[in-house]
Amino acid sequence: MAQKIQFVVCVLHQPKLLIFDEPFSGFDPVNANIIKDEILALKEQGSTIIFSTHRMESVEELCDDIALIHQSNKLIEGKLDEVRKQYRTNSFEVGILTDNVEGLMYDITQKFTLTPAQFKSLNNELKLEVQLGTASPNELLHMLTQRGQVTHFMEKIPSVNDIFIQTVTSK
């Protein structure tokens, strides 16, 4: 409750600049959402908001521009969407129901690189992560729809958390 009061006192006069350190720490999911919504409302009203966090999902929800810092070194900075585009892998998660798994696997490995996928679903479908290489997503989708019922088809765009881990462990 004390944190909520501090937040209210801090934003009551609608400041043009707000600096937060771990703004959601200690809040349950309901109260964290209330604080997040208020921060977004302040952003929409023109306030500049700077915050430090280890919660990368908060970064993805709230930030337009980011700087990833590790051991006092700035490793990445820029517009969030541009940073995520730089780390794209040209991979797609695919779920497909098919009566001919062996035939599909043979055909698909002739053109694409495959690894098992880890996404959750309610079906018992074949789950793959497909690296497109030079092929287009439409080529992959066409091949899949000819061989079964596609239940899941999504580009695997790395999260900020994945980017941070990849960047820190490669240094």
Looking at the stretch 42-72, which of its residues are assigned to a strand (DSSP E or B) and either without any contact (Cβ under 8 Å) to a residue 24 or more places away in the chain or under 16 Å from the mean Cα position of the chain (by Cα) (or both)? Asp65, Ile66, Ala67, Leu68, Ile69
Can you tell me which residues in the stretch 133-160 are part of a loop (DSSP other than H, G, I, E, B) and under 16 Å from Leu104 (Cα atoms)? Gln146, Arg147, Gly148
Quick check on this structure: which one of Thr89, Thr145 is within 30 Å of Asp64 (Cβ to Cβ) and either of a type in the set (S, T, N, Q) or modelled with pLDDT of 95 or more (or both)? Thr89
Do we find a residue being touching a helix residue (DSSP H, G or I) at 6+ places or on another chain (Cβ under 6 Å), outside any helix (DSSP H, G or I) and crowded, with 16+ Cβ neighbours inside 10 Å anywhere in the stretch 113-121? no
State whether one or more residues within the stretch 62-82 are of a type in the set (Ser, Thr, Tyr), closer than 17 Å to Glu155 by Cβ and out of contact with any helix residue (DSSP H, G or I) (no Cβ under 7 Å at 6 or more places or on another chain). no
Going by what's in this entry, would Tyr87 be described as among the hydroxyl-bearing types (Ser, Thr, Tyr) and open to solvent by 100 Å² or more (accessible area, probe 1.4 Å)? no
Being touching a residue at least 12 places away in the same chain (Cβ under 8 Å), of a type in the set (A, V, I, L, M, F, W, C) and either open to solvent by 70 Å² or more (accessible area, probe 1.4 Å) or part of a helix (DSSP H, G or I) (or both): is that true of Ile96 here? no
Enumeration of residues in the stretch 26-45 that are among the polar types (S, T, N, Q) and surrounded by 12 or more Cβ atoms within 10 Å (Cβ to Cβ): Asn31, Asn33
Give just the number: which of (1) open to solvent by 60 Å² or more (accessible area, probe 1.4 Å); (2) touching a residue at least 40 places away in the same chain (Cβ under 8 Å); (3) part of a helix (DSSP H, G or I) does Gly103 not satisfy? (1)
Report every pair of residues separated by at least 6 positions or lying on different chains whose Cβ atoms are under 7 Å apart, first residue within the stretch 126-152 and touching a residue at least 12 places away in the same chain (Cβ under 8 Å), second of a type in the set (Gly, Ala, Ser) and open to solvent by 40 Å² or more (accessible area, probe 1.4 Å). Thr151/Ser121; His152/Ser121
Residue in the stretch 122-139 that is most open to solvent (accessible area, probe 1.4 Å), counting only those that are closer than 12 Å to Asn90 by Cα and not acidic (Asp, Glu): Thr134
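The values are calculated or read from the model by the stated rules, or taken from the named source; none is laboratory data. None of these values were measured; they are calculated from a predicted model. So basically every Cβ, Gly included, is an ideal-geometry build from the backbone, and we count neighbours across all protein chains shown. Areas reflect the complete protein model, heavy atoms only, side chains present, ligands, DNA and RNA absent. Shrake-Rupley method; radii C 1.70, N 1.55, O 1.52, S 1.80 Å.
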